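Accompanying notes for the structure given below.
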Amino acid sequence: MTTSRRPDPALLPHGDGPGAITPDGCSVEFYAALAPGQEPRIVHDAIPERATILELGAGAGRVTHALLALGHPVAAVDESPEMLERIREAETVLARIEDLDLGRRFDAVLFASYLLNVPDQEWRRSLLAACRRHVSDNGCVLIQRHEPEWFDTAAPFEHHYDDLPQGEVVYRMRDVTRPGPGLVSATMEYSIGDRTWTQSFTSQRVDDAQLADDLGAVGLAVDAYLTDDRTWIRARPSAAGWSGGADRPGASPSTRQP
């Protein structure tokens, strides 16, 4: 595995609350309680049946388990051993994404949870380089980002959702600031019943032009936008070549459309 730099600690996410908290501030208990949502279906519809998946930042398996049920072999990567302990029936790998080098490649690499929006370009490209190292020449990388417009409109909110068995789920965003061009800093507060966790973060806008530049720097290119809001992207190895440890990619025409 390689070792990559991370930015100023002041820009890194951090959190607190009951139970184990991951290095990036996520509550293991909170994420283990959540339902999979729409993400597994978006992924499944964008790749071939039974395609192998490398899931980066898998957490407690919220999406992992749903992808397994849809017939996809999954290797789940996370830097939190407490998160990985919650995952069943999938290969698990304890590692930072930017340092990962498994020496093998997958039909699809899943890079979701807004990990693209880290507030440092060098760090972002090191994460994307890990995606490129592990995707097959005819495969794809599935990326989730914040809507670029969100960085202009982000404001405090409070949302209540249907109860889990453990109690009502409440999401709050507070302490919203814009510390620099294209940056949003805020604190998320999550509650289930009488338990509350916080996670503070700084995110950076990645618009279409920036996305194309960042992908091109690591030998990837946009193939399709998978959702109407353009927050989910399918990228493929580009014909421009790559010198980051994988074989030279070939041109990969689009196959299944969303």
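Read-outs throughout are calculated quantities, based only on the coordinates presented, and are distinct from any laboratory measurement. Note that the structure is a prediction, hence the values are computed from the model and not measured. Here the Cβ is made from the backbone with ideal geometry for all residues, glycine too, and neighbour counts use every protein chain on show.
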*Take the residues in segment 97-134 that are closer than 14 Å to A75 by Cβ and without any contact (Cβ under 8 Å) to a residue 60 or more places away in the chain, then tell me which one is surrounded by the most Cβ atoms within 10 Å (Cβ to Cβ).*
V109
*In segment 32-47, how many are in contact with a Lys or Arg (Cβ under 8 Å, 6 or more places away or on another chain) and over 17 Å from F111 (Cα atoms)?*
3
_Given the criterion charged (D, E, K, R), outside any loop (DSSP other than H, G, I, E, B), free of Cβ contacts under 8 Å to residues at least 12 places away in the same chain and surrounded by fewer than 18 Cβ atoms within 10 Å (Cβ to Cβ), identify the matching residue among D152, D137._
D152
*If only one of L84, L115, L67, L102 is in contact with a Gly (Cβ under 6 Å, 6 or more places away or on another chain) and of a type outside the set (D, E, K, R), which one is it?*
L115
*Test for T52: is it crowded, with 22+ Cβ neighbours inside 10 Å and more than 27 Å from A186 (Cα to Cα)*: no
_Regarding segment 120-132, can at least one residue be identified that is in a strand (DSSP E or B) and of a type in the set (D, E, K, R)?_
no
*Starting from segment 60-73, take each residue that is more than 18 Å from L34 (Cβ to Cβ) and list its partners that are basic (K, R), counting only C-beta distances under 7 angstrom and pairs at least six apart or across chains.*
G71/R50; H72/R50
